[in-house]
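Undergrad: Quick one: the structure is below, questions incoming.
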Amino acid sequence: MFAPRRLSVGVITALLAAALAAFLLMSTSLAEGSRAEALGSTAAKSQITVGLPSAIPPFDPQKYDSQYLRSVTDNINEPLLGRGSTGKLIPVLATAMPKAINATTWQFKLRRGIKFTNGQPFDARSAAYSVTRIINPTFDSELLSLVNTIKSAQAVSRYTLNVKTDGRDVLVPARMPIIKMLPRNYGDNSAFLKHPIGTGPYIYVSGSGLGPIVLKKNPHYWGGNRATITTVRIRAIPDVTTRVAALRAGEVNLITVLPPDSVGSVPKVATAVGIENPTVIFNSNFGITKDKRVRKALNLAVDKRAIAKNLFNGYASVSRCQPLSPSAFGYNPALKPYAYNPSQARSMLRAAGAEGQSITLVTSDVFSNGPQLAQVIASYWTAVGLKVNVQVPPFKDYLTAFFAKGDKHPDGVYVSTSSDLVDASSTERMLSSKGDRSGAYANPTVDRLFETAAQTPNAAKRKALYHRLLKIACDDASVMALINPKDLYGTTKNLRWKPRFDLGLLYSTMRLAK
Amino acid sequence: MANYLARRIVWGLVVVLGVAAVVFVATHLLTDPARKALPLGASQQQYQQLRHDLGLDRPLLTQFAEFGRGIVQFDFGTSISLQESAGRVVANRLPRTLELVGVALALALLIAVPLGFLAATRPGSWLDVTTVTSSLTGLSLPQFWLGALLILFFAVHLKVLPTSGAGGMRALVLPAITLALPIAGRITQIARSTVIDELQRQYVVAARAKGLGLPTILRRHVLRNAAVPISSYLSLETAKAIAGSTVVVESVFAYPGVGYLSVQAAKADDVILIQATVVIIALLIVGTNLLFDLFHGLIDPRIRVAE
């Protein structure tokens, strides 16, 4: 073989090393200059950068049901009624809570002297436009199912709005936080999707999609000048490892959707009781789960405390036998979860003749931890003598199973649900036998209580009705409510902020410590 | 040459149409964008209304005919999730991906070709063993792990590079290295084995007998002969990078290219955007393969004559 001269090998190697070093040096020297810019947003005391797990949809808060979109538009577009940090309804662009002037009409008095940031006045005409837009079926709002009892909205005077419903609807106030106010006719302009305009404490400046989306403080905000954060940059960083790294590197001040096992990696953690409720819905009319003893046994067989501790690192609480989070109106704090008791579960299964039988549990990977939780539940059920078949079909097929009726509904369907109206009425989807539901449970008393509650404007009476129906459903073990996971956020040490109950990010409530 | 080009272009278009047909059928069978977009509580009526407004309730053949017409006019329809022309969305993201792939391939060649050549001239030496081991390590590393490791070291500990995002050379460094290392590993091996084969050929022996030194032989003769297999492999790596590896790398680094766009589209069941992304990438790969084939013809006259 040939004997190459040492000099050529050395020269070539040196050239190679030099080229690589130059590449890195060039990049890092450029990095020094620009890093200050990147970190400027975290170093400067009035600017923050937020890292989200997903790109932001187009800027239409009335069309898209996306918590990531809300991280932008909740700061720009305001509703007539909003929710405080713990879920209580509060007037925002309305002066007070609305009055029901008859069975199907609610009247709102609006704040005066407010302008949208494009100079258009906020008044009853723009409010009527905003309501009419979102309820229009051809608009195809993803939020329509939450507001479709509203049939029309009219400006009675310059600052008085009437909202009419199709039949009595006591939940109209609860629906109003979903309807954001837009400048009249601006929503029909295609520019709106790229440049949102509102009355809120922040103004859109630039960016879209993956970001950075830049918001600046609204100097003329009607609610005063209390916000200390003047500039917000919002970026999408889909990979959780990268998102945590960005926080640790000081590139962002706040990251959302922090997994429980990453809590130890971030400078500071902020938590809030979440609104998600992982639940298994049983087929109470057919199959192995038709017998109440079997459903109770399935509840007793699962150690929910261990799930909260081990799968969620303690960042979850055990659900109190209802598929509802504590912040929801009508939540029954008196209910107790089924305590973990596998021997009692085995006895009940034996008594029901279900020992050794097969049971199917359907879940979907669109739910965070869905397949993992299903496997954990399956292991508990197997331990008490059942043969469990866990299915994780494509989402389309999962939905078919979820909405299936009669004996086509699987024995158990896992769902992670939340109450968008922050009201126990959302449990109708699982506990009522009427309409487009996961039709697996039919109790005439519960159905009647839901109907009565829907017609009861008195809040205390309605709460009592909800408490009653939730107790009945709990006693029937119609579902297995598992846990309430906490919402976890990673922040820099200097960010002062208390998270909301609904994953909302309101930058006017944040501040950077000196 | 003109005949050759025309044949290749026609076959390329046939391939693209085939890909379009497959992706159309697959997306319509496996996805349901209307269901995906609506919350669980949405009524059946709302679901049917949305399907109608998206045109998804029309016969499949009608939808496919419209899709086929759209491809010819480069109009794939409006993205369901982004409410913009799907073709324009993909076209806007494509330059980032091409930039990333271009830099990664250049980096891979810069590392792999000299190393492969060096190792081939010293088979069995410490340099050869180190090169082979390093190249195997490079191509064995999972890219999501490698990317995370680079982020941790350069961005979190050293704080000299950004963790993610796009904008300028500095944002390209880590994603480019992540994409380049496995490619460099494979090309190093190809270069090494090709050069070892070439160095055993009669023409090299003859050149040596004439008194030419090894560097001259490598530069004037071996390099050109080794270029074709290396370039053939490079065309494969380019296709893999554009259509596959960038999905992982862009997702890890939040790099706004077509790779991450395809993930977004898949998550949203956005059939329009999925179709646009796949068809445009298919066109790009067909075009890239054609360019590489022309390049091979340029450097090796025997290929030109055969074709």
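The values are calculated or read from the model by the stated rules, or taken from the named source; none is laboratory data. Since we're looking at a predicted model, the values are computed, not measured. Every residue, glycine as well, gets a Cβ built from its backbone with ideal geometry; the counts of neighbours run over all protein chains shown. For accessibility, only protein heavy atoms count, side chains too; no ligands or nucleic acids. Shrake-Rupley method; radii C 1.70, N 1.55, O 1.52, S 1.80 Å.
Undergrad: Take the residues in region A:151-189 that are of a type in the set (D, E) and over 25 Å from B:S81 (Cβ atoms); name whichever of them is most open to solvent (accessible area, probe 1.4 Å).
TA: A:D166
Undergrad: Moving on. Which ones in region A:36-64 are modelled with pLDDT under 90 and surrounded by 20 or more Cβ atoms within 10 Å (Cβ to Cβ)?
TA: A:A38, A:S41, A:T42
Undergrad: Sticking with this one: Taking the criterion of being of a type outside the set (A, V, I, L, M), away from chain B (no Cβ under 14 Å) and in contact with a helix residue (DSSP H, G or I) (Cβ under 6 Å, 6 or more places away or on another chain), would at least one residue in region A:370-378 satisfy it?
TA: For region A:370-378, residues of a type outside the set (A, V, I, L, M), away from chain B (no Cβ under 14 Å) and in contact with a helix residue (DSSP H, G or I) (Cβ under 6 Å, 6 or more places away or on another chain): absent.
Undergrad: Same structure, new question: When A:I101 is evaluated against the numbered criteria (1) open to solvent by 50 Å² or more (accessible area, probe 1.4 Å); (2) facing chain B (nearest Cβ under 10 Å); (3) modelled with pLDDT of 90 or more, which criterion, by number, is the only one it fails?
TA: A:I101 satisfies all of (1) open to solvent by 50 Å² or more (accessible area, probe 1.4 Å); (2) facing chain B (nearest Cβ under 10 Å); (3) modelled with pLDDT of 90 or more except (2).
Undergrad: I need the full set of residues from region A:491-514 which are in a strand (DSSP E or B) and open to solvent by 50 Å² or more (accessible area, probe 1.4 Å), in order please.
TA: Within region A:491-514, A:R496, A:R511 qualify.
Undergrad: Could you count how many residues in region B:244-272 are among the small types (G, A, S), under 20 Å from B:I177 (Cβ atoms) and assigned to a helix (DSSP H, G or I)?
TA: The number of residues fulfilling the criteria is 4.
Undergrad: Only one of (1) open to solvent by 10 Å² or more (accessible area, probe 1.4 Å); (2) under 26 Å from A:I472 (Cα atoms) is not met by A:V366, so which one is it?
TA: Among (1) open to solvent by 10 Å² or more (accessible area, probe 1.4 Å); (2) under 26 Å from A:I472 (Cα atoms), A:V366 violates only (2).
Undergrad: Pull up region A:215-243, narrow it to residues that are more than 9 Å from chain B (Cβ to nearest Cβ) and closer than 24 Å to B:V160 by Cα, then point me to the one that is surrounded by the most Cβ atoms within 10 Å (Cβ to Cβ).
TA: Only one residue tops the list, namely A:V232.
Undergrad: May I ask you to list the residues in region A:190-203 that are touching a strand residue (DSSP E or B) at 6+ places or on another chain (Cβ under 8 Å) and open to solvent by 20 Å² or more (accessible area, probe 1.4 Å)?
TA: Listed by number, the residues that qualify are A:H195, A:I203.
Undergrad: Does region B:236-248 include one or more residues that are within 11 Å of chain A (Cβ to nearest Cβ), open to solvent by 20 Å² or more (accessible area, probe 1.4 Å) and farther than 26 Å from B:F67 by Cβ?
TA: Looking through region B:236-248, at least one residue is within 11 Å of chain A (Cβ to nearest Cβ), open to solvent by 20 Å² or more (accessible area, probe 1.4 Å) and farther than 26 Å from B:F67 by Cβ.
Undergrad: Continuing with this model, one more query. Would you be able to say whether some residue in region B:294-304 is touching a helix residue (DSSP H, G or I) at 6+ places or on another chain (Cβ under 8 Å), open to solvent by 40 Å² or more (accessible area, probe 1.4 Å) and among the charged types (D, E, K, R)?
TA: Scanning region B:294-304, I find at least one residue that is touching a helix residue (DSSP H, G or I) at 6+ places or on another chain (Cβ under 8 Å), open to solvent by 40 Å² or more (accessible area, probe 1.4 Å) and among the charged types (D, E, K, R), so the answer is yes.
Undergrad: In region B:253-279, which residues are β-branched (V, I, T), open to solvent by 10 Å² or more (accessible area, probe 1.4 Å) and under 18 Å from the mean Cα position of the chain (by Cα)?
TA: Within region B:253-279, B:V263, B:I274, B:V278 qualify.
Undergrad: Could you say whether any residue in region B:58-71 is more than 9 Å from chain A (Cβ to nearest Cβ), in contact with a helix residue (DSSP H, G or I) (Cβ under 8 Å, 6 or more places away or on another chain) and open to solvent by 80 Å² or more (accessible area, probe 1.4 Å)?
TA: Looking through region B:58-71, at least one residue is more than 9 Å from chain A (Cβ to nearest Cβ), in contact with a helix residue (DSSP H, G or I) (Cβ under 8 Å, 6 or more places away or on another chain) and open to solvent by 80 Å² or more (accessible area, probe 1.4 Å).
Undergrad: When region B:193-225 is examined, which residues are found to be within 17 Å of B:R122 (Cα to Cα) and away from chain A (no Cβ under 14 Å)?
TA: B:S193, B:T194
Residue-by-condition table, conditions (1) out of contact with any His (no Cβ under 6 Å at 6 or more places or on another chain); (2) more than 14 Å from chain A (Cβ to nearest Cβ); (3) among the hydroxyl-bearing types (S, T, Y):
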{"residue": "B:I80", "(1), (2), (3)": "yes, no, no"}
{"residue": "B:S85", "(1), (2), (3)": "yes, no, yes"}
{"residue": "B:A112", "(1), (2), (3)": "yes, no, no"}
{"residue": "B:T121", "(1), (2), (3)": "yes, no, yes"}
{"residue": "B:G124", "(1), (2), (3)": "yes, no, no"}
{"residue": "B:S140", "(1), (2), (3)": "yes, yes, yes"}
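Undergrad: Based on what the data block shows, is A:S478 in contact (Cβ under 8 Å) with a residue 12 or more places away in the chain and within 14 Å of chain B (Cβ to nearest Cβ)?
TA: No: the conditions fail for A:S478.
Undergrad: If you scan region B:182-221, which residues turn out to be without any contact (Cβ under 8 Å) to a residue 60 or more places away in the chain and either of a type in the set (F, W, Y) or buried (at least 23 other Cβ atoms within 10 Å of the Cβ) (or both)?
TA: Answer for region B:182-221, where residues must be without any contact (Cβ under 8 Å) to a residue 60 or more places away in the chain and either of a type in the set (F, W, Y) or buried (at least 23 other Cβ atoms within 10 Å of the Cβ) (or both): just B:Y203.
Undergrad: Right, something else. Which one of the conditions (1) farther than 18 Å from B:A268 by Cα; (2) within 9 Å of another protein chain (Cβ to nearest Cβ) does B:R35 fail to meet, given that it meets all the rest?
TA: Condition not satisfied by B:R35: (1).
Undergrad: Which one of A:A14, A:A19 is modelled with pLDDT under 60, open to solvent by 30 Å² or more (accessible area, probe 1.4 Å) and more than 8 Å from chain B (Cβ to nearest Cβ)?
TA: A:A14
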